[in-house]
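The values are calculated or read from the model by the stated rules, or taken from the named source; none is laboratory data. These numbers come from a predicted model, not from an experiment. Cβ atoms come from the backbone with ideal geometry, glycine included; neighbour counts cover every protein chain shown.
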Ligand SMILES: [Mn+2]
């Protein structure tokens, strides 16, 4: 564990940032942590930097204060980098990491190279939100902080479903529930709810999905043109790879979405014997054994071919 009192001793400003295309865990851990620091260290000026905050997360306390453009020159006394498997995942906010006097990384990705001056990296934690919850004295947990952390844990565990969920995760989630948060609403409105265009996008991907490698891989894709025709952004495609993975038979699911012409983001969800993190890091990406991602360039056929080759290596 890191010692927050020691890290923040004498500090006047603290910056917190999560990864690009922030997901529930990135947003939840950043806002939960910021909420706690603002309450526990009243003299400290705390800023949160995130590329964007999705509509469904904006009810969280402090979401309206998030700085989304990285144009301002700020040199923080302490800069916390949350849920980032590597420093590049900070995107444009990397400038605040570079200019900070002291840097701290809090993360749960197994591929994390411990890139900050101080690192709290635990691959056995379900989420960065779980790590933040561990850091905070439980008697200091307030409802707004608990809402943010519960949201983050819910998103990274697939509502306590994935194998990253431990009994410790459940204990912490129980402590968060005890603050009186509306947990059914958090799950329904931020995890399961989809807009109509999102439902259409999911239908498109699922109906065109194909089996490869003797039925051991299911693969679905959508082009950037189709994404923009539906009025969606790549961030709106969460949940599709999990639906592919629900298919009985294949031990791996891949969802390919084109972020700009000929650039494909690949989301992997895998079961034994396929190690998604290994495949993703082969292509310069990262993630977890069961959930990982990377970016490849080329035509859909070329990208699919490259991916199949790597998965086939693990199956043989
Ligand atoms: Mn995470």
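Here residue 77 qualifies as surrounded by fewer than 20 Cβ atoms within 10 Å (Cβ to Cβ), more than 12 Å from the ligand (Cβ to nearest atom) and in contact (Cβ under 8 Å) with a residue 60 or more places away in the chain.
Here residue 119 clears all of (1) closer than 16 Å to residue 33 by Cβ; (2) within 16 Å of the chain's Cα centre (by Cα) except the condition numbered (2). Between 296, 308, the distinction of being part of a helix (DSSP H, G or I), in contact (Cβ under 8 Å) with a residue 12 or more places away in the chain, in contact with a strand residue (DSSP E or B) (Cβ under 7 Å, 6 or more places away or on another chain) and surrounded by fewer than 22 Cβ atoms within 10 Å (Cβ to Cβ) belongs to 308 only. Residues of the range 13-40 being surrounded by fewer than 24 Cβ atoms within 10 Å (Cβ to Cβ) and more than 14 Å from the ligand (Cβ to nearest atom), which ones? 13, 37, 38, 39, 40 - these are the residues of the range 13-40 that are surrounded by fewer than 24 Cβ atoms within 10 Å (Cβ to Cβ) and more than 14 Å from the ligand (Cβ to nearest atom).
If I filter the range 103-110 for residues that are within 13 Å of the ligand (Cβ to nearest atom), surrounded by fewer than 21 Cβ atoms within 10 Å (Cβ to Cβ) and part of a loop (DSSP other than H, G, I, E, B), do I get at least one hit? Yes, the range 103-110 has at least one match.
The requirement of being closer than 26 Å to residue 294 by Cα, in the same structural domain as residue 16 (by TED's automatic domain parsing), away from the ligand (no atom under 12 Å from the Cβ) and in a strand (DSSP E or B) is not satisfied by residue 115. Scanning the range 80-102 for residues that are more than 12 Å from the ligand (Cβ to nearest atom), crowded, with 16+ Cβ neighbours inside 10 Å and part of a loop (DSSP other than H, G, I, E, B) turns up 86, 100.
Taken residue by residue, the range 138-149 has at least one member that is more than 18 Å from residue 1 (Cβ to Cβ) and within 16 Å of the ligand (Cβ to nearest atom). Across the range 194-217, a minimum of one residue is classified as within 29 Å of residue 300 (Cα to Cα), at pLDDT below 95 and away from the ligand (no atom under 16 Å from the Cβ).
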